[in-house]
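Notes for the one structure printed next.
The values are calculated or read from the model by the stated rules, or taken from the named source; none is laboratory data. Only a predicted model underlies this, so the values are computations on that prediction, with no experimental measurement involved. Ideal geometry is used to build each Cβ from the backbone, glycine not excepted, and the neighbour counts take in all protein chains shown. Note: areas computed on protein heavy atoms with side chains; ligands, DNA, RNA excluded. Shrake-Rupley method; radii C 1.70, N 1.55, O 1.52, S 1.80 Å.
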Amino acid sequence: INVAILNPWLAVILAGPPVFSIITAVLHFQAGQRATVVWIGAALALYVIALLITIGINVPLNDALAAAGPPQRITDPAMVRDHFETTWARWNIARTGASTAAFVLLCIVR
């Protein structure tokens, strides 16, 4: 997983929304649209939560899966999958929800 996903595009995808949210908040603040800044701040907080879940939970789980070795050398693949899959999927749903909610907030903000 890590070999396939770690590339410059991932950096843009992970860092882009928070960076652009900050820029947008500053521009709206300077324009006197302080109510809008609150919603942008809420979206930014949700993006940061998604990023923290990625860095703190999903990436370490990916690393642990990689450390288990090549699939053909794993003696008990079901145990490795059980240890990885449920936790990873649960937190992936959480970060997807946070990112989606942030995106929706930014879409409805004026």
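Here the extension length gained between Cys107 and Ala67 equals 10.4 nm, from 0.36 nm per residue of separation less the Cα-Cα distance.
Measuring nothing but protein heavy atoms, the accessible surface of the chain at 1.4 Å probe radius is 73 percent carbon and sulfur. For the chain, pairs of C-alpha atoms spaced more than 18 angstrom apart make up 58 percent of the total. With a Förster radius of 30 Å applied to the beta-carbon distance between Trp9 and Gln30, the computed FRET efficiency rounds to 0.45.
Can you give the angle from 0 to 90° between the axis of helix 34-53 and the longest principal axis of the chain, with both taken from C-alpha atoms, to the nearest 10? Taking Cα atoms only, the helix is inclined about 10 degrees.
Note down the relative contact order for the chain as a percent, whole number, built from C-alpha pairs under 8 angstrom at least six residues apart.
Reported relative contact order: 36 percent.
Here the Karplus curve 6.51 cos²θ - 1.76 cosθ + 1.60, taken at θ = phi - 60°, turns the phi angles of segment 90-99 into couplings of 4, 6, 5, 5, 4, 6, 5, x, 5, 5 Hz, with x standing for Gly and Pro.
P(r) tail, segment 1-49: Cα-Cα pairs separated by more than 15 Å, 51% of all pairs. Over the residues of the chain, the helix contribution to mean residue ellipticity at 222 nm works out to -27000 deg cm²/dmol, using -39500 (n - 2.57) for each DSSP H run of at least 4. Rolling a 1.4 Å probe over the heavy atoms of the protein chains gives segment 22-110 an accessible area of 67 Å² per residue.
Dipole magnitude for segment 70-110: computed about the Cα centre from +1 point charges on Lys and Arg Cβ and -1 point charges on Asp and Glu Cβ, it is near 220 debye. Simple point charges give the picture: +1 on the Cβ of Lys and Arg, -1 on the Cβ of Asp and Glu, and for the chain a dipole about the Cα centre of about 340 debye.
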